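Presented below is the structure to which this report refers.
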Amino acid sequence: MLPLRSNAPGFAKKLPAADRKGVVWVRPELVAEIEYRGWTSDGLLRAASFKGLREDKDPAEVRREHTANRR
């Protein structure tokens, strides 16, 4: 991930200072497949698990999925 390191986050929502401690930002150039149990009330993934990288997907095409059982 070192070549992707960035000084700023790749999204608009600002994290509270306590949540930024020790964070290393990277440019959003890879697409990962993530399995998760749901969304928290503040919009974070619950029980997220990395499944692998998706070389068949362009990062510019990635959008948050909205399904009946996920917020």
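No value in this document is a laboratory result; all are computed from the given coordinates. None of these values were measured; they are calculated from a predicted model. With ideal geometry, Cβ positions are generated from the backbone for all residues, glycine too; neighbour counts draw on all protein chains shown.
With only Lys, Arg, Asp and Glu charged, each at its Cβ (+1 for the first two, -1 for the last two), find how big the charge dipole of the chain is about the Cα centre; round to the nearest 20 debye.
In debye, rounded to 20, the chain gives about 380.
Just the projected area, averaged over all directions, of the convex hull on the alpha carbon atoms of region 30-71: how many nm²?
Projected area, direction-averaged: 3.4 nm².
For the chain, what are the per-bin percents of Cα-Cα distances with bins 5 Å wide, up to the bin holding the maximum?
Bin by bin from 0 Å, the calculated values are 3, 12, 18, 25, 26, 12, 3, 0.
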